[in-house]
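A.B. asks: My questions all concern the structure below.
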Amino acid sequence: MIRELVVNVLCPFFGTVAYVVLFNVPRRYYLSCGITGIVAWLVYLWASGFASPAAASFVAVIVAVFLSRMLAVRMKCPITIFLLAALLPLVPGAGIYYTAYYLVTNQLSMAAERGIGAVKVAFGIVVGIAFVVSIPREVFQVHYWRGKKRRKRLKDLN
(Lines give C-alpha, C1' and ligand atoms only; values in the text may rest on other atoms or scores of the structure.)
Protein backbone atom coordinates (compact mmCIF):
# COMPACT_ATOMS: atom_id res chain seq x y z
CA MET A 1 0.00 0.00 0.00
CA ILE A 2 2.66 2.53 1.01
CA ARG A 3 5.02 1.31 -1.71
CA GLU A 4 2.27 1.79 -4.30
CA LEU A 5 1.58 5.33 -3.02
CA VAL A 6 5.28 6.22 -3.15
CA VAL A 7 5.55 4.90 -6.70
CA ASN A 8 2.43 6.84 -7.74
CA VAL A 9 3.96 10.03 -6.35
CA LEU A 10 7.59 9.66 -7.42
CA CYS A 11 7.07 8.40 -10.97
CA PRO A 12 4.89 11.31 -12.17
CA PHE A 13 7.14 13.78 -10.37
CA PHE A 14 10.37 12.56 -11.93
CA GLY A 15 8.69 11.97 -15.29
CA THR A 16 7.40 15.52 -15.52
CA VAL A 17 10.62 17.03 -14.19
CA ALA A 18 12.63 15.03 -16.74
CA TYR A 19 10.29 16.27 -19.45
CA VAL A 20 10.70 19.93 -18.48
CA VAL A 21 14.48 19.52 -18.20
CA LEU A 22 14.49 18.07 -21.71
CA PHE A 23 12.66 21.13 -23.02
CA ASN A 24 14.86 23.69 -21.21
CA VAL A 25 12.31 25.05 -18.77
CA PRO A 26 14.00 27.35 -16.22
CA ARG A 27 15.05 25.63 -12.99
CA ARG A 28 12.80 27.69 -10.76
CA TYR A 29 9.75 25.94 -12.28
CA TYR A 30 10.92 22.32 -11.81
CA LEU A 31 9.22 21.76 -8.47
CA SER A 32 5.95 23.34 -9.58
CA CYS A 33 5.90 21.29 -12.77
CA GLY A 34 6.54 18.11 -10.82
CA ILE A 35 3.73 18.91 -8.40
CA THR A 36 1.27 19.53 -11.24
CA GLY A 37 2.20 16.13 -12.67
CA ILE A 38 1.65 14.46 -9.30
CA VAL A 39 -1.69 16.17 -8.76
CA ALA A 40 -2.93 15.27 -12.24
CA TRP A 41 -1.93 11.63 -11.84
CA LEU A 42 -3.39 11.23 -8.34
CA VAL A 43 -6.69 12.81 -9.41
CA TYR A 44 -6.75 10.46 -12.40
CA LEU A 45 -6.18 7.44 -10.15
CA TRP A 46 -8.88 8.60 -7.76
CA ALA A 47 -11.40 9.26 -10.55
CA SER A 48 -10.62 6.02 -12.37
CA GLY A 49 -11.97 4.14 -9.35
CA PHE A 50 -15.54 5.12 -10.25
CA ALA A 51 -15.41 6.41 -13.84
CA SER A 52 -14.21 5.39 -17.27
CA PRO A 53 -10.65 6.28 -18.31
CA ALA A 54 -11.95 9.12 -20.52
CA ALA A 55 -14.04 10.63 -17.72
CA ALA A 56 -11.18 10.19 -15.24
CA SER A 57 -8.86 11.99 -17.67
CA PHE A 58 -11.40 14.80 -18.02
CA VAL A 59 -11.61 15.29 -14.25
CA ALA A 60 -7.83 15.12 -13.85
CA VAL A 61 -7.29 17.61 -16.67
CA ILE A 62 -9.75 20.08 -15.15
CA VAL A 63 -7.82 20.00 -11.87
CA ALA A 64 -4.44 20.11 -13.63
CA VAL A 65 -5.35 23.04 -15.89
CA PHE A 66 -6.85 24.95 -12.97
CA LEU A 67 -3.65 24.40 -10.98
CA SER A 68 -1.54 25.37 -14.01
CA ARG A 69 -3.52 28.59 -14.46
CA MET A 70 -3.05 29.49 -10.81
CA LEU A 71 0.69 28.78 -10.95
CA ALA A 72 1.09 30.72 -14.19
CA VAL A 73 -0.54 33.79 -12.68
CA ARG A 74 1.31 33.42 -9.39
CA MET A 75 4.75 32.90 -10.98
CA LYS A 76 4.12 35.30 -13.89
CA CYS A 77 4.98 32.89 -16.68
CA PRO A 78 3.16 31.18 -19.56
CA ILE A 79 0.62 28.50 -18.67
CA THR A 80 2.22 26.18 -21.23
CA ILE A 81 5.12 25.44 -18.90
CA PHE A 82 2.88 23.87 -16.28
CA LEU A 83 0.13 22.60 -18.56
CA LEU A 84 2.31 20.39 -20.72
CA ALA A 85 4.04 18.99 -17.66
CA ALA A 86 0.70 18.25 -15.99
CA LEU A 87 -0.71 16.51 -19.06
CA LEU A 88 2.28 14.26 -19.58
CA PRO A 89 1.13 11.50 -17.18
CA LEU A 90 -2.37 11.57 -18.68
CA VAL A 91 -1.50 11.10 -22.35
CA PRO A 92 -2.86 7.75 -23.62
CA GLY A 93 0.51 6.54 -24.89
CA ALA A 94 -0.11 2.86 -24.19
CA GLY A 95 -3.45 2.99 -26.00
CA ILE A 96 -1.81 4.51 -29.07
CA TYR A 97 1.05 2.01 -28.93
CA TYR A 98 -1.28 -0.99 -28.71
CA THR A 99 -3.45 0.40 -31.51
CA ALA A 100 -0.43 0.48 -33.79
CA TYR A 101 0.70 -2.94 -32.55
CA TYR A 102 -2.66 -4.56 -33.27
CA LEU A 103 -2.80 -2.90 -36.67
CA VAL A 104 0.62 -4.30 -37.58
CA THR A 105 -0.30 -7.79 -36.33
CA ASN A 106 -3.58 -7.64 -38.29
CA GLN A 107 -5.87 -7.81 -35.24
CA LEU A 108 -8.23 -5.15 -36.46
CA SER A 109 -10.97 -5.54 -33.86
CA MET A 110 -8.48 -5.09 -31.00
CA ALA A 111 -6.89 -2.15 -32.84
CA ALA A 112 -10.27 -0.48 -33.20
CA GLU A 113 -11.09 -1.06 -29.53
CA ARG A 114 -7.78 0.37 -28.31
CA GLY A 115 -7.86 3.22 -30.83
CA ILE A 116 -11.35 4.33 -29.85
CA GLY A 117 -10.35 4.21 -26.19
CA ALA A 118 -7.28 6.38 -26.87
CA VAL A 119 -9.36 8.86 -28.88
CA LYS A 120 -11.90 9.10 -26.03
CA VAL A 121 -9.14 9.86 -23.54
CA ALA A 122 -7.59 12.43 -25.89
CA PHE A 123 -11.00 14.04 -26.38
CA GLY A 124 -11.50 14.21 -22.60
CA ILE A 125 -8.14 15.95 -22.30
CA VAL A 126 -9.00 18.50 -24.99
CA VAL A 127 -12.44 19.27 -23.57
CA GLY A 128 -10.99 19.67 -20.07
CA ILE A 129 -8.38 22.12 -21.32
CA ALA A 130 -10.96 24.13 -23.27
CA PHE A 131 -13.30 24.21 -20.28
CA VAL A 132 -10.80 25.75 -17.86
CA VAL A 133 -8.89 27.93 -20.33
CA SER A 134 -12.18 29.64 -21.27
CA ILE A 135 -12.35 31.11 -17.75
CA PRO A 136 -11.05 34.71 -17.82
CA ARG A 137 -7.52 35.26 -16.53
CA GLU A 138 -8.66 37.81 -13.94
CA VAL A 139 -10.47 35.12 -11.98
CA PHE A 140 -7.11 33.60 -11.07
CA GLN A 141 -5.70 36.84 -9.66
CA VAL A 142 -6.06 37.80 -6.00
CA HIS A 143 -6.94 41.43 -6.62
CA TYR A 144 -10.01 40.32 -8.61
CA TRP A 145 -11.50 38.62 -5.56
CA ARG A 146 -10.51 41.43 -3.18
CA GLY A 147 -12.13 43.97 -5.50
CA LYS A 148 -15.24 41.85 -5.77
CA LYS A 149 -15.56 41.72 -1.96
CA ARG A 150 -15.02 45.48 -1.78
CA ARG A 151 -17.69 46.15 -4.43
CA LYS A 152 -20.15 43.91 -2.63
CA ARG A 153 -19.47 45.66 0.69
CA LEU A 154 -20.02 49.07 -0.91
CA LYS A 155 -23.23 47.85 -2.54
CA ASP A 156 -24.51 46.56 0.80
CA LEU A 157 -23.76 49.91 2.45
CA ASN A 158 -25.81 51.81 -0.14
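The values are calculated or read from the model by the stated rules, or taken from the named source; none is laboratory data. Remember, it's a predicted structure, so these values are computed and weren't measured experimentally. Here the Cβ positions follow ideal geometry from the backbone for every residue, glycine too, while neighbour counts run over all protein chains shown. All accessible areas refer to the heavy atoms of the entire protein, side chains included, with ligands and DNA or RNA removed. Shrake-Rupley method; radii C 1.70, N 1.55, O 1.52, S 1.80 Å.
A.B. asks: Once neighbouring chains are kept in place and the probe is 1.4 Å, which whole percent of the accessible area of the chain is contributed by carbon and sulfur? Kindly include the intermediate steps, with their values, before the conclusion.
C.D. replies: Working: 7180 of 10470 Å².
Exposed carbon and sulfur together represent 69 percent of the surface.
A.B. asks: OK, next. What does the accessible area per residue of the chain come to in Å², with a 1.4 Å probe and no ligands, DNA or RNA counted?
C.D. replies: Working: 10470 Å² over 158 residues.
I get 66 Å² per residue for this part.
A.B. asks: Show that you can apply the helix-only estimate: for the chain, add -39,500 (n - 2.57) for every DSSP H stretch of four or more residues, divide by all residues, and state [θ] at 222 nm to the nearest 500. Intermediate results must be reported in sequence, preceding the final value.
C.D. replies: On the way: 7 runs with 126 residues, N = 158.
After summing the helix terms and dividing by residue count, I get -27000 deg cm²/dmol.
A.B. asks: Relative to the longest principal Cα axis of the chain, at what angle does helix 108-133 sit, 0 to 90 degrees, rounded to 10?
C.D. replies: Helix 108-133 sits at roughly 10 degrees to that axis.
A.B. asks: Quick one: net charge around GLY95, please, counting Lys, Arg +1 and Asp, Glu -1 for every other residue with C-beta under 14 Å from its C-beta. Intermediate values should be presented prior to the final figure.
C.D. replies: Values: positive: ARG114, LYS120; negative: GLU113.
With Lys, Arg at +1 and Asp, Glu at -1, the net is +1.
A.B. asks: Then there's this: At a probe radius of 1.4 Å, what is the per-residue accessible area of VAL104, in Å² to the nearest 10?
C.D. replies: Its accessible surface works out to 120 Å², give or take rounding.
A.B. asks: Among (i) 25, 19, 15; (ii) 35, 19, 15; (iii) 72, 22, 13, only one was calculated for this model; which label is it, if the read-out is semi-axes √(5λ) of the Cα gyration tensor in Å?
C.D. replies: Here the calculated entry is (ii).
A.B. asks: Here is a further query. What angle, in degrees between 0 and 90 and rounded to the nearest 10, separates the Cα long axis of helix 30-48 from the longest principal axis of the Cα atoms of the chain?
C.D. replies: Once rounded, one gets 70 degrees.
A.B. asks: According to a simple spin-label model (label point 7 Å from Cα along Cα-to-Cβ), what is the distance in nm between LYS152 and SER52?
C.D. replies: Each label point is offset 7 Å from its Cα along the Cβ direction, giving 3.8 nm.
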